[in-house]
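The values are calculated or read from the model by the stated rules, or taken from the named source; none is laboratory data. Note that the structure is predicted; figures quoted are calculated from it, not measured. Because the Cβ atoms are built from the backbone with ideal geometry, glycine has one as well, and the counts that use them run over all protein chains shown. Quick note on the areas: whole protein, heavy atoms, side chains included, nothing else; ligands and nucleic acids left out. Shrake-Rupley method; radii C 1.70, N 1.55, O 1.52, S 1.80 Å.
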Amino acid sequence: MSILDFLLQNWDSVLVILAFLGFAAALVKRGETKILKKILFNLVVQAEKQFGGGTGELKFAAVADWIYQRIPAILKLLFTEKDIANMIEAALEEAKRAWGTNENIRTYIEVPDSEN
């Protein structure tokens, strides 16, 4: 029996299995997105502290590099480069809101004059 014959005879079962696998992958991606967003927020804050203002491209590249070093290989398959870039931008927007409202974060990222 060839593979094609098997698929034709069991097309309904194959379709159910593929649908289940797709659904499972979507759930994993959705759950991992929440975790990645938290990690990215932290990395964005660290990049701001390390590189300072006016270095947007450098900070973006550093955060992208840091996240790719930290995420497991399976997540690299689930999230495209564009997905990661969009999440970094979202984390940056969230961080900017936090910097505007939270004095502790603002103090953390600002380098005191004595260190310059």
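Key figures
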quantity: Fraction of the pair-distance distribution of the chain above 25 Å, Cα-Cα pairs, percent; calculated: 42 percent
quantity: For ASP83, solvent-accessible area (1.4 Å; no DNA, RNA or ligand), Å²; calculated: 40 Å²
quantity: Between 0 and 90°, nearest 10: helix 11-51 axis offset from the chain longest Cα axis; calculated: 10 degrees
quantity: Cα long-axis angle, helix 81-101 against the chain (0 to 90 degrees, to the nearest 10); calculated: 40 degrees
quantity: Label point distance in nm, PHE51-PHE23, each placed 7 Å from Cα along Cα→Cβ; calculated: 4.2 nm
quantity: Cα gyration tensor category, rounded, prolate or oblate, for the stretch 22-75 with a/c compared to 1.5; calculated: prolate
quantity: Crossing angle, helix 56-70 versus the chain [Cα axis fit, 0-90 degrees, rounded to tens]; calculated: 50 degrees
